[in-house]
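Below is one structure, written out as structure tokens; the observations come after it.
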Amino acid sequence: MTTETTPEATGTAAPDAALLAIRDLHVTYATGEGGLPAVRGVDLTVARGQIVGVAGESGCGKSTLASTVLRLQPPSATVSGQVLFDGRDVLAMRWGELRAVRWAGASIVFQGALHSLNPVHRIGAQLAEPMHIHQPGLDEARVTERVAELLDQVGMAPERAKSYPHQLSGGQKQRVMIAMALACDPELVVADEPTTALDVMVQAQVLNVLSELVRGRGVGMMMISHDLSVLADLCDRITVMYAGRVIEEGPADQVFAAPLHPYSGALSAAFPRVGDPAARFAPAGLPGDPPDPRNLTEGCSFAPRCPRAAPVCLHDEPGLVAYDDRAAACVRIGEPDLEAR
Ligand code: ADP
Ligand code: MG
């Protein structure tokens with residue numbers, strides 16, 4: 001066995017410029033059957049004008065992470081660590097300060113938000129609501145003007161303000177949700193699977209709208225998806241989560257095209273790029289399901305499903321290790337001969 005490189009442990013402090021710096025975040029839900037650790041020591045940084053993707057199968061803790069960024073987690077959740085927004089810890093803020101951060105500082109497009117538009121109110125009134133709440137000084141003419149601007153930004157005609165949700169397609173409703181998240185000019189947008197319910201063509205349109213808005217305005221974005229190919233096209237960097245932990249982090253194209261961790265490899269194979277000739281073949285399936293966070297076994301959480309698992313993986317849980325501009329938590333990287341250990 002050879003180990004030429006001695007990778008350094010990660011976990012360094014965020015650069016000053018970070019818009020969002022999540023540090024050693026733990027979120028545990030109280031349940032009837034004991035504590036459920038949904039997020040276990042996550043670090044994540046988003047700079048201004050940067051799109052950071054968060055990938056992982058259902059149940060990996062992505063939505064828990066997203067909601068905690070704006071302190072919107074349910075009361076059953078116990079949280080520790082830091083969520084630094086512009087250097088200030090959201091988790092330690094007083095109510096007034098937190099209120100100012102929500103919407104105007106950071107906003108969120110929730111998973112499944114498509115269905116959260118109020119069926120009895122016109123689109124325009126719903127787009128105006130965050131402005132009424134968070135920018136009470138705006139006069140009504142300006143609010144109406146701003147609603148038209150927002151619709152235009154997401155590629156919809158201003159007349160749509162008069163429509164009711166049932167008069168819109170799924171893609172249009174999702175655009176409205178994105179417009180709503182942009183209503184108060186946030187510096188950070190958290191988008192939790194914003195296109196999952198949409199068909200592939202509409203998904204591509206909505207993603208274009210999102211990335212143009214982010215790039216054009218220099219805001220930061222945390223974009224959550226279980227589909228690594230979507231993130232590869234859209235994001236600057238990708239964080240891959242498994243069982244509440246970060247198992248890989250790096251430049252988006254590298255994580256997708258040359259994943260270090262076997263789990264990222266399986267995700268990448270399961271979601272080939274649209275138009276990729278490999279997509280003609282059945283995606284490489286990943287056997288089994290992610291573990292129940294209440295019953296995590298000793299060792300690497302992915303080991304029971306991992307094609308490369310060695311005996312050592314069943315008793316040591318690896319930490320994130322840096323490889324140049326990337327990081328991964330797997331003892332098999334660069335160590336082909338671990339079977340004996
Ligand atoms: P993802 O978005 O990656 O699918 P979630 O953050 O929704 O993951 O869920 C992570 C884990 O936390 C799952 O095991 C899920 O069942 C559990 N969970 C999520 N929300 C709650 C809650 N309110 N109470 C208890 N457990 C929850
Ligand atoms: Mg989710």
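The values are calculated or read from the model by the stated rules, or taken from the named source; none is laboratory data. Predicted, not measured: the structure shown is a model, and the values here were computed from it. In this analysis, Cβ positions are derived from the backbone assuming ideal geometry, glycine residues included, and neighbour counts consider all displayed protein chains. For the accessible areas, the whole protein counts, side chains as well, though only heavy atoms, and no ligand, DNA or RNA atoms are used. Shrake-Rupley method; radii C 1.70, N 1.55, O 1.52, S 1.80 Å.
Sequentially through segment 302-319, phi angles give Karplus couplings (6.51, -1.76, 1.60; θ = phi - 60°) of 8, 3, x, 10, 8, x, 10, 4, 10, x, 4, 5, 7, 10, 10, 8, x, x Hz, Gly and Pro residues having no value and appearing as x. Expressed per residue, the C-alpha convex hull volume of segment 17-96 stands at 94 Å³.
Accessible surface of the chain, 1.4 Å probe: 53 percent of it comes from carbon and sulfur atoms. Put a plus charge on the Cβ of each Lys and Arg, a minus charge on the Cβ of each Asp and Glu, and nothing anywhere else: the dipole of the chain about its Cα centre is then about 840 debye. By the helix-only formula, in which each DSSP H run with n ≥ 4 contributes -39500 (n - 2.57) and the sum is divided by residues, the chain has a 222 nm mean residue ellipticity of -8000 deg cm²/dmol. Our note on the geometry: Cα centres of segment 170-198 and segment 218-270, 20 Å apart.
Which values of log₁₀ I(q)/I(0), to two decimal places, follow from the Debye formula for the chain at q = 0.06, 0.08, 0.14, 0.15 Å⁻¹ with a uniform point scatterer at every Cα? Each listed q maps to, in turn, -0.23, -0.40, -1.16, -1.30. Cα convex hull, segment 147-269: 113 Å³ per residue, rounded to a whole number. Accessible surface computed residue by residue for the chain, with neighbouring protein chains in place and a 1.4 Å probe, gives 46 Å² per residue. Within the chain, the selection of entire DSSP H helices by a Cα span of 24 Å or greater along the long axis and an average Kyte-Doolittle value of at least 0.0 returns 200-217. Each peptide in 316-328, 87-99 gets a packing score, the mean of other Cβ atoms within 10 Å over its residues, and the list from highest to lowest is 316-328, 87-99.
Taken over the Cα atoms of segment 70-210, the convex hull encloses 127 Å³ per residue.
Summary of packing: across the peptides 165-178, 73-86, the per-residue average of other C-beta atoms within 10 Å ranks them, highest first, as 165-178, 73-86. Listed peptides 226-232, 139-145 appear in the order 226-232, 139-145 once ranked by packing, highest mean of other Cβ atoms within 10 Å at the front.
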